[in-house]
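Here's the structure we're looking at; comments come further down.
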Amino acid sequence: MTPLTREAIAPHLETRWLGRELHCFEVLDSTNSTAREMAATGSPDGTAVIAEAQRRGRGRLGRAWVSPARKNLYLSIVLRSDVPLERLAQVSLLAGVATCEAIRELCADAAIKWPNDVLVGDRKAAGILCEMDASGAAPVVVLGIGVNLNSDVGDFPDELRDKATSLKLARHGAVVDRARFTAALLNRLEPHIDTWRRSGFAPIAAAWRGMAPLIGRRIHVEEPGGSVEGHVVALDDDGALRLRLDGGAEHRVVAGDVTVLGGYPPR
Ligand code: BT5
């Protein structure tokens with residue numbers, strides 16, 4: 001596989017500030033950890049960190065992200081935004097929109113599953129982990145995006161084989177050009193971040209709704225404080241998922257793991 005380097009990516013970049021500082025590594029524990037360290041030592045807004053492999057790629061809540069070498073994209077971005085914690089989830093939602101748009105250029109049936117998965121068919125092809133580091137003088141958001149571009153079936157552990165996929169698998173073996181994909185993703189992401197910084201999440205919510213056919217679906221949500229089940233009524237303009245519970249009451253979900261009952265996305 002052609003190495004994923006700055007030289008390969010830069011010619012395809014159309015961004016003004018995002019990824020203009022770009023660091024590519026052979027192997028890291030986690031690109032999110034390295035991006036946090038770089039932010040702490042002064043790396044500018046929009047710095048991108050990429051690794052060919054991760055030893056300890058991570059998902060949310062201490063879960064692992066399977067990160068085989070030289071096949072996929074493991075990307076983290078430093079955002080110097082002073083975001084109140086309740087708006088942090090919007091960064092992962094807008095990243096989901098950009099990632100889904102970039103994937104749809106190659107796989108038309110990509111869809112978003114709230115909050116932060118991109119599915120191709122009914123399998124997860126990308127995940128997003130947005131973290132905030134408020135320990136320094138200026139708070140920093142680190143936006144991590146993992147996309148399975150060229151993973152083969154054997155790259156997934158047994159328990160993920162019927163839940164995960166890659167763009168290559170979805171495209172019947174056609175290999176994805178990783179440098180072009182990386183640039184396309186950054187090109188998609190920058191205008192969404194600009195819009196969000198200028199005008200908030202509402203303008204992006206419309207794009208999100210178009211990629212996440214969840215309205216009317218019955219879902220089960222494991223929330224930090226327990227679980228709920230109900231029908232999706234709306235994605236609110238702040239990024240929360242609004243449910244109608246069986247008793248008729250409305251409930252807003254701001255964090256949690258969603259299972260869509262009856263299968264997702266609808267065929
Ligand atoms: C996520 O967490 O989906 C966020 C994943 C973010 C990964 C990127 S890679 C670059 C950056 N650096 C990092 O260290 N992380 C970020 P969550 O929603 O918690 O999903 C994790 C679950 O997805 C796991 O428990 C598995 O079930 C499944 N999973 C793990 N690896 C996968 C993969 N490569 N493809 C599809 N599903 C996977």
Checklist entry - Any residue at all in region 198-219 that is modelled with pLDDT under 95, aromatic (F, W, Y) and either in a loop (DSSP other than H, G, I, E, B) or touching a helix residue (DSSP H, G or I) at 6+ places or on another chain (Cβ under 8 Å) (or both)? => result yes
Checklist entry - Restricting attention to region 112-134, and to residues there that are free of Cβ contacts under 8 Å to residues at least 40 places away in the same chain and farther than 13 Å from W65 by Cβ, which single residue is nearest to the ligand (Cβ to nearest atom)? => result V118
Checklist entry - Just a yes or no: is a residue in region 237-251 under 26 Å from L85 (Cα atoms), touching a Cys at 6+ places or on another chain (Cβ under 8 Å) and in contact (Cβ under 8 Å) with a residue 24 or more places away in the chain? => result no
Item to check | Candidate set from region 113-147 (those that are over 26 Å from D45 (Cα atoms) and at pLDDT 95 or above); member that is surrounded by the fewest Cβ atoms within 10 Å (Cβ to Cβ) | outcome: K124
Next on the checklist: Residue under question is H231, and the condition is that it be touching a residue at least 40 places away in the same chain (Cβ under 8 Å) and not aromatic (F, W, Y); does it hold?
Outcome noted: no
Checklist entry - Which condition breaks for R104 when tested against (1) within 14 Å of the ligand (Cβ to nearest atom); (2) farther than 17 Å from L160 by Cα; (3) modelled with pLDDT of 95 or more? => result (1)
Item to check | Hits in region 52-64 - residues which are at pLDDT 95 or above and either aromatic (F, W, Y) or within 8 Å of the ligand (Cβ to nearest atom) (or both) | outcome: Q54, R56, G57, R58, G59, R63, A64
Checklist entry - Taking region 136-193 on its own, how many of its residues are assigned to a loop (DSSP other than H, G, I, E, B), within 12 Å of the ligand (Cβ to nearest atom) and of a type in the set (G, A, S)? => result 2
Item to check | Any pair with Cβ under 9 angstrom, 6 or more apart, that starts in region 53-74 at a residue that is hydroxyl-bearing (S, T, Y) and part of a loop (DSSP other than H, G, I, E, B) and ends at one that is modelled with pLDDT of 95 or more and surrounded by fewer than 21 Cβ atoms within 10 Å (Cβ to Cβ) | outcome: S67/A53; S67/R55; S67/R56
Next on the checklist: Step by step: first the residues of region 65-83, then only those that are more than 8 Å from the ligand (Cβ to nearest atom) and β-branched (V, I, T), then the one that is farthest from A138 (Cα to Cα). Which residue is that?
Outcome noted: I77
Checklist outcome for this item: Expected output for region 1-26 (first residue over 16 Å from V49 (Cα atoms), partner part of a loop (DSSP other than H, G, I, E, B), Cβ below 7 Å, 6+ apart or cross-chain) is M1/R70; M1/K71; M1/N150
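Taking R123, is it among the basic types (K, R) and over 30 Å from I215 (Cβ atoms)? Before you say what the answer is, go through the steps one by one.
On the way: among the basic types (K, R): yes; over 30 Å from I215 (Cβ atoms): no.
No, not satisfied.
Report, by residue number, each residue of region 75-121 that is outside any strand (DSSP E or B) and of a type in the set (S, T, N, Q). Show your work before the answer.
Step one: of region 75-121, the residues outside any strand (DSSP E or B) are 80-109, 114-116, 121.
The answer is S81, Q90, S92, T99, N116.
Of the residues D152, D194, which is surrounded by fewer than 16 Cβ atoms within 10 Å (Cβ to Cβ), modelled with pLDDT of 95 or more, of a type in the set (D, E) and within 23 Å of R123 (Cβ to Cβ)? Full working, then the answer.
Details: D194 fails: within 23 Å of R123 (Cβ to Cβ).
One residue alone meets the criteria, D152.
Quick one: which of I77, I112 is touching a Leu at 6+ places or on another chain (Cβ under 8 Å) and either within 25 Å of L22 (Cβ to Cβ) or of a type in the set (F, W, Y) (or both)? Don't jump to the end; show me each part of the working.
Details: I112 fails: either within 25 Å of L22 (Cβ to Cβ) or of a type in the set (F, W, Y) (or both).
One residue alone meets the criteria, I77.
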Item to check | Filtered residues of region 23-49 (kept if among the aliphatic types (A, V, I, L, M) and either in contact with a Gly (Cβ under 8 Å, 6 or more places away or on another chain) or crowded, with 22+ Cβ neighbours inside 10 Å (or both)) | outcome: L28, A35, A39, A40, A48, V49
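The values are calculated or read from the model by the stated rules, or taken from the named source; none is laboratory data. From a predicted model like this one, the values you see are computed outputs, not experimental measurements. Virtual Cβ from ideal backbone geometry, glycine too; neighbours counted across all protein chains shown.
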